[in-house]
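Have a look at the structure below before the remarks.
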Amino acid sequence: MALPATFKQLGLIPGVTLIILAAFMTEFSIDMILRFSKASKSNSYSSVAGDAFGVFGRTVSQVCIIVNNLGLLVVYLIIIGDVLAGTATKGLSHHKGLMEEWFGQQWWWTSRSIWLVLTTCFVIAPLISFKRVVHPIENELTDPSQMKAIVKTSLMLCSSVYVATSFFGFLLFGEQTLDDVLANFDGDLGIPYSSLFDDVIRVSYGVHLMLVFPIVFYSLRLNVDGLLFPHAIPIVYDNNRFYSLTACLMGFIFLGANYVPSIWDAFQFTGATATISVGYIIPAAIALRDNHGIATRKDRFISWVMIPLAVLSSTVAITSDIYSLVTNNEHEF
């Protein structure tokens with residue numbers, strides 16, 4: 001939901017180009033992980049990194065996955081709060097949430113914190129309490145060779161959705177596009193049944209995030225447990241560890257959703273660090289390490305291109321984030 005705001009910053013053509021480039025790089029990264037997983041007989045991302053770089057590689061990959069997933073789940077909860085309770089932009093303009101539109105302004109009924117508590121306790125908590133939410137897709141396939149076709153189809157579908165969402169979101173709202181474009185759907189769009197259309201979009205996306213939340217949380221909990229208790233029995237067999245870790249992580253995510261100003265701020269820092277590392281730097285480094293001698297000349301060439309590109313984009317993003325923070329603080333004082 002932050003992609004239309006990204007297009008507002010970059011422009012349409014650079015934005016579309018970057019999404020397509022990211023899709024090609026992601027396909028290469030996934031292909032590397034799958035090939036080296038098979039060669040090393042590993043069943044997880046961190047295991048592949050551990051096979052290539054030992055304990056250090058395993059730990060770094062787990063930390064990056066944890067930071068990435070934590071940031072993503074904080075963003076999910078922020079968006080759910082925006083949908084239900086509304087949001088205010090830096091210009092102090094208020095964008096109504098569904099509860100305020102449907103039932104009017106009530107301090108308890110339209111409070112962001114109240115709805116985050118209710119959503120966390122009665123929707124998300126029961127879903128993340130299941131001990132077996134997902135299984136690796138490749139292990140579920142009768143023919144593992146189908147995985148490449150599944151990856152390509154998924155990337156094409158995701159890229160198409162990202163481009164369409166970004167393009168039409170920015171085209172619809174222009175310079176008024178907010179960090180979370182769902183917050184823009186609180187007024188008259190100038191079309192028949194505009195109010196109904198607004199509500200359907202926000203409700204469907206909010207429900208979608210609630211259902212996706214447990215899948216991302218599953219990976220987060222597994223990696224935190226692997227980092228803190230590397231030699232313990234699997235977490236699904238230890239109820240005390242399972243529920244205490246679940247409660248601590250959910251509490252951290254809840255606090256983040258209440259105190260992080262917007263999804264743009266969360267995406268800036270997690271995207272510039274952990275996401276780039278998990279998505280591009282670590283897979284390329286595994287290919288260059290090539291413990292099993294399966295990397296081709298093309299693999300090594302793409303890896304050498306990918307790592308500097310990822311480091312450069314990360315450095316630019318972090319520098320820009322720090323500059324923005326310093327500039328904003330100076331203006332406040």
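The values are calculated or read from the model by the stated rules, or taken from the named source; none is laboratory data. Bear in mind the structure is a predicted one, so any value in this text is a computation, not a measurement. Neighbour counts run over all protein chains shown; Cβ positions are idealised from the backbone, glycine included.
Structure notes:
- Complete set of residues in the range 45-59 that are surrounded by fewer than 19 Cβ atoms within 10 Å (Cβ to Cβ) and among the polar types (S, T, N, Q): SER47, THR59
- Helices (runs of 4 or more DSSP H) fully within the range 177-271 that include at least 1 residues being touching a Lys or Arg at 6+ places or on another chain (Cβ under 9 Å): 194-228, 239-259.
- Residue check, SER314 touching a residue at least 40 places away in the same chain (Cβ under 8 Å), farther than 30 Å from LEU84 by Cα and touching a Cys at 6+ places or on another chain (Cβ under 9 Å): no
- Hits in the range 1-30 (condition: among the charged types (D, E, K, R) and either part of a loop (DSSP other than H, G, I, E, B) or crowded, with 18+ Cβ neighbours inside 10 Å (or both)): LYS8
- Only one entry in LEU211, LEU196, LEU220 is surrounded by fewer than 13 Cβ atoms within 10 Å (Cβ to Cβ), closer than 30 Å to LEU182 by Cα and in contact (Cβ under 8 Å) with a residue 40 or more places away in the chain, namely LEU211.
- Single match in THR296, THR315, THR270 (criterion: polar (S, T, N, Q), buried (at least 20 other Cβ atoms within 10 Å of the Cβ) and closer than 30 Å to MET32 by Cβ): THR270
- Which listed residue, of ASN184, ASN223, is on the phi < 0 side of the Ramachandran plot and more than 20 Å from the chain's Cα centre (by Cα): ASN184
- Of all residues in the range 288-309, those being within 20 Å of THR59 (Cβ to Cβ) and of a type in the set (A, V, I, L, M, F, W, C) number 2.
- Meets criteria (over 18 Å from the mean Cα position of the chain (by Cα), basic (Lys, Arg) and surrounded by 12 or more Cβ atoms within 10 Å (Cβ to Cβ)) for ARG202: yes
- Counted residues, the range 2-36 - those being free of Cβ contacts under 8 Å to residues at least 60 places away in the same chain and either of a type in the set (Val, Ile, Thr) or within 30 Å of HIS231 (Cα to Cα) (or both): 2
- Scanning the range 293-304 for any residue that is assigned to a helix (DSSP H, G or I) and of a type in the set (A, V, I, L, M) turns up at least one such residue.
- Criterion: polar (S, T, N, Q), in a helix (DSSP H, G or I), more than 24 Å from VAL161 (Cα to Cα) and under 18 Å from the mean Cα position of the chain (by Cα) - qualifying residue of SER47, SER37, SER61: SER61
- From the list ILE294, ILE263, ILE286, the lone residue that is out of contact with any Leu (no Cβ under 9 Å at 6 or more places or on another chain) and at pLDDT below 90 is ILE263.
- From the list SER47, SER29, the lone residue that is of a type in the set (Ser, Thr, Tyr) and in contact with a Ser or Thr (Cβ under 9 Å, 6 or more places away or on another chain) is SER47.
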